[in-house]
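Q: First, the structure itself, so that you have it in front of you.
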Amino acid sequence: MMRLVHLIVAAALVAAAVDVYKIKFESTVQAERVAKLAAEIRRERDAIAALRAEWAQLDNPARVQALAQRHLALKMLDPAQIEQLDRLPERPFIPTAPPTDAIANIIDALEPEPPTGSAGGAVPTTAGATR
Amino acid sequence: MKRRRDTAPVWWHHWMMQSLLYGRGVDRARKAQARLGLALLGFALVYAIIAFRLVLYAAMADTHMVRRSGSTDAVATARPDIVDRNGEILATDFKTPSLFAEPRRIIDPDEATELLAGVLPDLDSREVRDRLGSKRGFAWLKRDITPAQQQEVHRLGIPGIGFLTENKRVYPNGNEFSHIIGHVNIDNQGIAGIEKWIDNRGLADLHRAGFGVDREHEPVRLGVDLRVQHALHDELVAARDKFKADAAAGIVLDVRTGEIVSMVSVPDYNPNNPREALEPSRINRLTTGVYEMGSTFKALTIAMALDSGKVTLNSSFDARGSLRYGHFNISDYHAQNRVLTVPEIFTYSSNIGAAKIALSQGVENHRTFLSKVGQLDRLRTELPESAEPIVPKHWGELNTVTISYGHGLSVAPLQSVMGVAAIVNGGYLIPPTFLRRSPAEARAIAKRVVKSETSAAMRYLMRLNAEKGTATKADVKGFYVGGKTGTAEKVINGRYSKNRLMTDFMAVLPADEPRFLVLIMLDEPKPIAETHGFATSGWNAAPVAAKVITRIAPLLGLEPRFDLPTADHLILAAAKEARWSPPPP
């Protein structure tokens, strides 16, 4: 009887030890992962900071102004050019020619004359639609 | 033996030692058992200690690792970013490797020096040799090297040479913010401007305690605007060139909140290369310099007189001839030689008129008023640098006469901006700040210094001056600018010089409901062909102000309004009708 109890206790002890070891091992793995991710986050943050600093340098108004003056024909804004949208007059109505379908014209030009007199040759309905 | 054990338990220990382990008369088997038990106890104790330490390591491993990695990194401490009012970066940290040596572990200093000199040619080899030859534990060789250089040095494989990652401060906008932000030293500690203010606010203590090596700080948000600052800087550099002035400076102040939207003083320096800051010509003239502001002070003089109620806009003063005071002879630049009304005194910028107005108020009142609008005490802002105004020790009538038109009292230009802002914004004196401030916060600390009617009358005078006075060149169509010119003769060898001038211009925009005050200041502008040989404020500072306003007003969200009535109708009539309900400060 006692021997059985001893055996069970010993088995339970071994099982508990194995379990604890497994948990410990897993926690170590997780801790390493956390450390790695933390390091990665730090690296990424530093990279973001570096990029932001570079962006600020490239975006600097003095630099943009120098580039604009060299390459663009823009002029300084005049206060008279600023107006509120609702104070703008209505856009004047300019009558235009009825819209023509440019693609249809091209297709018309390409298409040969509809076949005439051929037996059973029906004119395709699509060609008629585009005309 | 047994009897002894029963009767005297104190002897238990003695009994065990003597009889169980060594006693002769004891049974051998019992003795062996006891010895075995003792050995078991000892081993169990050792294993328990080992197990306990293991648990401790398992639980604390992370903190140990973190602490170690933290200490090898970032000797130069991290600082919070500085951003402008729209969140644009003005200063940020950048991680760079730095090269150090442990001289005690260097085997051959000469060889190491030679190898390093091959990779880093700008290294002073004698100094490096000295440092490597010393018996110290640690020595910097070069701070802030490039990653490519780091790779090359690493490849040399010299023992006792290593790298540390450090935070380096960078200022992407170069010169433009130098006087506001200041700069840091090689260890990333603020030594000027807002950077120093950040340190004084407790960052330095935090670092001393060993915290704050990583970027964990909230950015510091200033009230300045990057775009406005650039426009002002650009125009001032151009103006300094054009008029061949010694220096040029400018401020844009939000009169409702006291926020400094922009502040430039050229010549300035590049905070990325702070050695330039040591040159005395590059000081910030707006806070660390004091100047006689010239005729812009007449705005304060007239505001004082109007506020007393004894003088109205219709009062008139005799400005004929010139005013004699002892051996001083005060004359007008735009002499009219007749009796002038208060608006005429302002628009012709009559010294005699201003002096007579001040005298009519009395010396004591004049002094009290200037003290009330903050012109006699040192103005402190977030910037650690500030200058004390130079106030006459014995303030007599002659002092009141000269100070009434801005001579004989030297103030920091920022201070005079604060004073003029108070008399145009409805009468509230608000200490200027470089940080953000809401109108509600400003209202809480504002101090009323003049009546709102006085303020309306002053706005009228400022606008009138731009319509038909000395400030017509600053009248930008659409923004209803009001302004006052000021020209002060500089004191050279103890005498006022006629041709070395300091000109300034205060512009308020828009004059009917002020939002911003713009100060432009030029130190010794030279007359040029375009100004027909004049070098007074109306010919240089005022047109520069016009250019600045044209550029910054759209950025500040001011909408151009055209075809507005003249000052008589818009400001004066409105003030008379409605007793002027002032805009909130």
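Q: Among (1) assigned to a loop (DSSP other than H, G, I, E, B); (2) more than 7 Å from every other protein chain (Cβ to nearest Cβ); (3) open to solvent by less than 100 Å² (accessible area, probe 1.4 Å), where does residue A:47 come up short?
A: Among (1) assigned to a loop (DSSP other than H, G, I, E, B); (2) more than 7 Å from every other protein chain (Cβ to nearest Cβ); (3) open to solvent by less than 100 Å² (accessible area, probe 1.4 Å), residue A:47 violates only (1).
Q: Quick one: which of B:269, B:325, B:291 is surrounded by fewer than 16 Cβ atoms within 10 Å (Cβ to Cβ) and in contact (Cβ under 8 Å) with a residue 60 or more places away in the chain? First the steps, then the outcome.
A: On the way: B:269 fails: surrounded by fewer than 16 Cβ atoms within 10 Å (Cβ to Cβ); B:291 fails: surrounded by fewer than 16 Cβ atoms within 10 Å (Cβ to Cβ).
From the options B:269, B:325, B:291, the qualifying one is B:325.
Q: Restrict the check to region B:220-237 and report whether at least one residue is assigned to a helix (DSSP H, G or I), within 14 Å of chain A (Cβ to nearest Cβ) and either modelled with pLDDT under 90 or out of contact with any helix residue (DSSP H, G or I) (no Cβ under 8 Å at 6 or more places or on another chain) (or both). Even if it seems obvious, please write down each step before you answer.
A: Filtering region B:220-237 for residues assigned to a helix (DSSP H, G or I) gives B:226-237.
Adding the requirement that they be within 14 Å of chain A (Cβ to nearest Cβ) leaves B:226-237.
Checking the rest, the ones that are also either modelled with pLDDT under 90 or out of contact with any helix residue (DSSP H, G or I) (no Cβ under 8 Å at 6 or more places or on another chain) (or both) come to B:237.
So far as region B:220-237 goes, yes, one or more of its residues are assigned to a helix (DSSP H, G or I), within 14 Å of chain A (Cβ to nearest Cβ) and either modelled with pLDDT under 90 or out of contact with any helix residue (DSSP H, G or I) (no Cβ under 8 Å at 6 or more places or on another chain) (or both).
Q: Across region B:484-511, what is the total count of residues that are without any contact (Cβ under 8 Å) to a residue 60 or more places away in the chain and part of a loop (DSSP other than H, G, I, E, B)?
A: Within region B:484-511, residues that are without any contact (Cβ under 8 Å) to a residue 60 or more places away in the chain and part of a loop (DSSP other than H, G, I, E, B) number 3.
Q: Shifting gears a bit: More than 8 Å from every other protein chain (Cβ to nearest Cβ), over 18 Å from residue B:171 (Cβ atoms), out of contact with any Gly (no Cβ under 9 Å at 6 or more places or on another chain) and outside any helix (DSSP H, G or I): is that true of residue A:74 in this structure?
A: Numbers: more than 8 Å from every other protein chain (Cβ to nearest Cβ): yes; over 18 Å from residue B:171 (Cβ atoms): yes; out of contact with any Gly (no Cβ under 9 Å at 6 or more places or on another chain): yes; outside any helix (DSSP H, G or I): yes.
So residue A:74 passes the test.
Q: I would also like to ask the following. Here are A:84, A:65: which of them is at pLDDT below 85 and either surrounded by 10 or more Cβ atoms within 10 Å (Cβ to Cβ) or within 14 Å of chain B (Cβ to nearest Cβ) (or both)? Please lay out each step first, then the result.
A: Values: A:65 fails: at pLDDT below 85.
It is A:84.
Q: What are the pairs, 6+ residues apart or on separate chains, where a residue within region B:545-574 that is more than 9 Å from every other protein chain (Cβ to nearest Cβ) has its Cβ under 8 Å from a residue that is of a type in the set (Val, Ile, Thr) and in a helix (DSSP H, G or I)?
A: B:552/B:228; B:555/B:228; B:556/B:228
Here's the yes/no breakdown for (1) buried (at least 21 other Cβ atoms within 10 Å of the Cβ); (2) of a type in the set (Phe, Trp, Tyr); (3) farther than 19 Å from residue B:434 by Cα:
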residue: B:130; (1), (2), (3): no, no, yes
residue: B:140; (1), (2), (3): no, yes, yes
residue: B:143; (1), (2), (3): no, no, yes
residue: B:149; (1), (2), (3): no, no, yes
residue: B:177; (1), (2), (3): yes, yes, no
residue: B:188; (1), (2), (3): no, no, yes
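Q: Across region A:4-13, what is the number of residues that are within 59 Å of the chain's Cα centre (by Cα) and open to solvent by 90 Å² or more (accessible area, probe 1.4 Å)? Full working, then the answer.
A: The initial filter retains those residues of region A:4-13 that are within 59 Å of the chain's Cα centre (by Cα), namely A:11-13.
Now drop any that are not open to solvent by 90 Å² or more (accessible area, probe 1.4 Å), which leaves A:13.
Qualifying residue count, region A:4-13: 1.
Q: Give the residues of region B:512-525 that are assigned to a strand (DSSP E or B) and either of a type outside the set (A, V, I, L, M) or open to solvent by 10 Å² or more (accessible area, probe 1.4 Å) (or both), sorted by residue number.
A: In the first step, residues of region B:512-525 are kept if they are assigned to a strand (DSSP E or B); the result is B:516-523.
Hits for region B:512-525 are B:516, B:523.
Q: Follow-up. Out of all the residues in region B:434-483, which are among the hydroxyl-bearing types (Ser, Thr, Tyr) and either within 14 Å of chain A (Cβ to nearest Cβ) or in a helix (DSSP H, G or I) (or both)?
A: To start, the set of residues in region B:434-483 that are among the hydroxyl-bearing types (Ser, Thr, Tyr) comprises B:438, B:452, B:454-455, B:460, B:470, B:472, B:480.
The answer is B:452, B:454, B:455, B:460, B:472, B:480.
Q: I'd like the full set of residues that are aliphatic (A, V, I, L, M) and over 13 Å from residue B:98 (Cα atoms), limited to region B:127-146.
A: First, pick out the residues of region B:127-146 that are aliphatic (A, V, I, L, M): B:128, B:132, B:139, B:141, B:145.
Scanning region B:127-146 gives B:128, B:132.
Matching residues to (1) touching a strand residue (DSSP E or B) at 6+ places or on another chain (Cβ under 9 Å); (2) at pLDDT 90 or above; (3) surrounded by fewer than 24 Cβ atoms within 10 Å (Cβ to Cβ); (4) within 27 Å of residue B:195 (Cβ to Cβ):
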site: B:377; (1), (2), (3), (4): no, yes, yes, yes
site: B:389; (1), (2), (3), (4): yes, yes, yes, yes
site: B:392; (1), (2), (3), (4): no, yes, yes, no
site: B:404; (1), (2), (3), (4): no, yes, no, no
site: B:412; (1), (2), (3), (4): yes, yes, no, yes
site: B:416; (1), (2), (3), (4): yes, yes, no, yes
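Residue-wise test of (1) among the aliphatic types (A, V, I, L, M); (2) modelled with pLDDT under 95; (3) under 27 Å from residue B:283 (Cα atoms).
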{"site": "B:481", "(1), (2), (3)": "yes, yes, no"}
{"site": "B:485", "(1), (2), (3)": "no, yes, yes"}
{"site": "B:492", "(1), (2), (3)": "yes, yes, yes"}
{"site": "B:496", "(1), (2), (3)": "no, yes, yes"}
{"site": "B:502", "(1), (2), (3)": "yes, yes, yes"}
{"site": "B:526", "(1), (2), (3)": "no, yes, yes"}
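Q: Looking at A:36, A:24, can you tell me which residue is over 42 Å from the mean Cα position of the chain (by Cα), within 12 Å of another protein chain (Cβ to nearest Cβ) and open to solvent by 60 Å² or more (accessible area, probe 1.4 Å)?
A: On the way: A:36 fails: over 42 Å from the mean Cα position of the chain (by Cα).
Sole residue among the options that is over 42 Å from the mean Cα position of the chain (by Cα), within 12 Å of another protein chain (Cβ to nearest Cβ) and open to solvent by 60 Å² or more (accessible area, probe 1.4 Å): A:24.
Q: Determine, yes or no, whether residue B:438 is in contact (Cβ under 8 Å) with a residue 12 or more places away in the chain and crowded, with 16+ Cβ neighbours inside 10 Å. Show your work before the answer.
A: Details: in contact (Cβ under 8 Å) with a residue 12 or more places away in the chain: yes; crowded, with 16+ Cβ neighbours inside 10 Å: no.
So residue B:438 does not fit the description; no.
The values are calculated or read from the model by the stated rules, or taken from the named source; none is laboratory data. This structure is a prediction, so every number in the text was calculated from the model and none was measured. Every residue, glycine among them, receives a Cβ derived from its backbone with ideal geometry; neighbour counts consider all protein chains shown. Accessible surface areas use protein heavy atoms only, side chains included; no ligands, DNA or RNA. Shrake-Rupley method; radii C 1.70, N 1.55, O 1.52, S 1.80 Å.
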